[in-house]
Every structure is written in C-alpha cells, then in structure tokens.
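Below is one structure, written out as structure tokens; the observations come after it.
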Amino acid sequence: MTRQHHPLYHDPTQANAHWRSADDRVMGGVSVGEIKPQVIENTACTCLSGRVSLDNRGGFIQMKWPFESPFDASAYTGVFLDAWGNEETYNVHLRTHQLWLPWQSFRHSFKTNPAWQRFYLPFDEFTPHKTQAKLNLSRLKTLAIVAIGRAFTAKVCIKQLGFYTD
C-alpha cells in the first residue's frame with residue numbers, strides 16, 4: 001500500500017500564523033496551555049504544553065487549526081501527524097459545519113512517546129462526541145490537537161500534520 005501525504009502543516013516558523021490556542025478558561029475552568037515553536041531532537045516543531053485541570057468543571061487545552069473557509073477533506077482517507085510527547089494520550093478533534101455547540105466534535109486518540117512517531121488516523125475511526133451526526137468531511141471548520149479529560153501536565157509537539165490517501 002502506498003500512501004499519499006498532503007501536508008497541511010509542515011513549517012514551524014509559520015506556526016503562529018495558523019495555530020490558535022484555546023483552553024477551558026472560556027467556560028470558567030482553570031486549565032492553562034500555550035503554543036510555541038521549539039526544537040525537539042534537532043527537529044523544528046510546534047508544541048502545546050500546559051496543565052489540564054478538572055477544577056470548575058474544566059478539563060482541556062488545545063491548539064486548533066482553523067480553516068479559512070470550509071475545507072473539503074472527502075477525497076482523503078484520514079489525518080496523519082508526526083508527534084512527540086510526554087507519554088500521555090492526546091486527541092485529534094475535527095469540527096464540521098454540522099456541529100453548533102462548542103463541546104461537539106469527532107475524535108480520535110493517540111498516545112505519544114518521547115520520540116518522533118508518525119500516526120495515521122483514518123476518518124472512519126473518528127467517533128462522534130455529544131452529537132448524533134455522522135462525520136461529513138465536505139466542510140471541515142477546524143482540526144485540533146487536544147489534551148483533555150483528566151488532570152495532567154501536557155506536552156505534545158507536532159512537526160508535520162495533514163491528510164493522507166491510501
């Protein structure tokens with residue numbers, strides 16, 4: 001099987017032009033995260049780091065890639081990413097035009113290691129969260145890397161991210 005890669009993000013020097021930070025403080029939580037370019041194992045990347053807290057009904061930090069206009073990903077098999085992390089589990093969240101409430105998403109988890117690893121996350125393995133909708137890839141609004149659901153110290157770094165086809 002030959003996979004075709006279609007990078008969305010592969011230049012950490014332009015990270016701040018695309019990635020957006022968000023955390024549960026918008027809803028009264030106390031989690032705090034930051035996004036910044038770093039060099040990990042001689043590789044330029046963008047890292048999400050911070051502290052996820054469950055206090056005040058919180059529990060997430062994220063780095064979000066908003067599409068300037070709805071993105072049609074229906075020709076792709078899934079999302080790929082090159083990640084390095086602190087041996088914690090993180091999520092990729094997709095939001096589409098179908099979702100109205102901020103807590104709704106389509107999710108897929110991945111577990112990091114303190115070494116660069118490529119992950120392939122097929123769209124048909126993303127699960128709906130707090131929605132009955134089925135994932136419609138024709139109008140993606142955002143793709144996010146999220147530390148969520150439990151109290152922990154987060155550090156996940158991305159050197160490349162995009163879509164792939166089999």
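The values are calculated or read from the model by the stated rules, or taken from the named source; none is laboratory data. This one's a predicted model, so the numbers in the text were calculated from it and none came from an experiment. Every residue, glycine as well, gets a Cβ built from its backbone with ideal geometry; the counts of neighbours run over all protein chains shown.
Which numbered condition in (1) at pLDDT 95 or above; (2) over 15 Å from I148 (Cα atoms); (3) surrounded by fewer than 20 Cβ atoms within 10 Å (Cβ to Cβ); (4) among the aromatic types (F, W, Y) is the only one that F110 fails?
It is condition (2) that F110 fails.
Those residues that are of a type in the set (V, I, T), surrounded by 14 or more Cβ atoms within 10 Å (Cβ to Cβ) and in a strand (DSSP E or B), I need them from region 30-68; list them, please. Steps first, please.
Taking region 30-68 and keeping what is of a type in the set (V, I, T), we get 30, 32, 35, 39-40, 43, 46, 52, 61.
Okay, now just the ones that are also surrounded by 14 or more Cβ atoms within 10 Å (Cβ to Cβ), so 30, 32, 35, 40, 43, 46, 52, 61.
Passing the criteria: V32, I35, I40, T43, T46, V52, I61.
Here are some conditions: (1) within 24 Å of Y9 (Cα to Cα); (2) of a type outside the set (G, A, S); (3) at pLDDT 95 or above. L54 meets all but one. Which one does it not meet?
(1)
Of all the residues that make up region 103-137, how many are under 17 Å from the mean Cα position of the chain (by Cα), within 21 Å of P70 (Cβ to Cβ) and either assigned to a helix (DSSP H, G or I) or among the hydroxyl-bearing types (S, T, Y) (or both)?
4
Within region 90-102, how many residues are over 15 Å from F71 (Cβ atoms) and touching a helix residue (DSSP H, G or I) at 6+ places or on another chain (Cβ under 9 Å)?
1
Which one of A115, A133 is touching a residue at least 24 places away in the same chain (Cβ under 8 Å), surrounded by fewer than 16 Cβ atoms within 10 Å (Cβ to Cβ), among the aliphatic types (A, V, I, L, M) and farther than 24 Å from S49 by Cβ?
Testing whether each residue is touching a residue at least 24 places away in the same chain (Cβ under 8 Å), surrounded by fewer than 16 Cβ atoms within 10 Å (Cβ to Cβ), among the aliphatic types (A, V, I, L, M) and farther than 24 Å from S49 by Cβ leaves just A133.
Give the residue, chosen from L81, L101, that is aliphatic (A, V, I, L, M), at pLDDT below 95 and out of contact with any His (no Cβ under 7 Å at 6 or more places or on another chain).
One residue alone meets the criteria, L101.
Take region 29-82 and flag every residue that is small (G, A, S), touching a helix residue (DSSP H, G or I) at 6+ places or on another chain (Cβ under 7 Å) and farther than 17 Å from A147 by Cα.
A44, A73, S74, G78
Does any residue in region 69-98 that is surrounded by fewer than 18 Cβ atoms within 10 Å (Cβ to Cβ) come within less than 8 Å, Cβ to Cβ, of a residue that is in a loop (DSSP other than H, G, I, E, B) and among the small types (G, A, S) six or more places away or on a different chain, and which pairs are these?
Pairs that qualify, where the first residue is surrounded by fewer than 18 Cβ atoms within 10 Å (Cβ to Cβ) and the partner is in a loop (DSSP other than H, G, I, E, B) and among the small types (G, A, S), are Q98/A133.
Listed here are the residues, each with its yes/no results for (1) at pLDDT 95 or above; (2) within 16 Å of the chain's Cα centre (by Cα).
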position	(1), (2)
R3	no, no
P12	no, yes
G33	yes, yes
S49	yes, yes
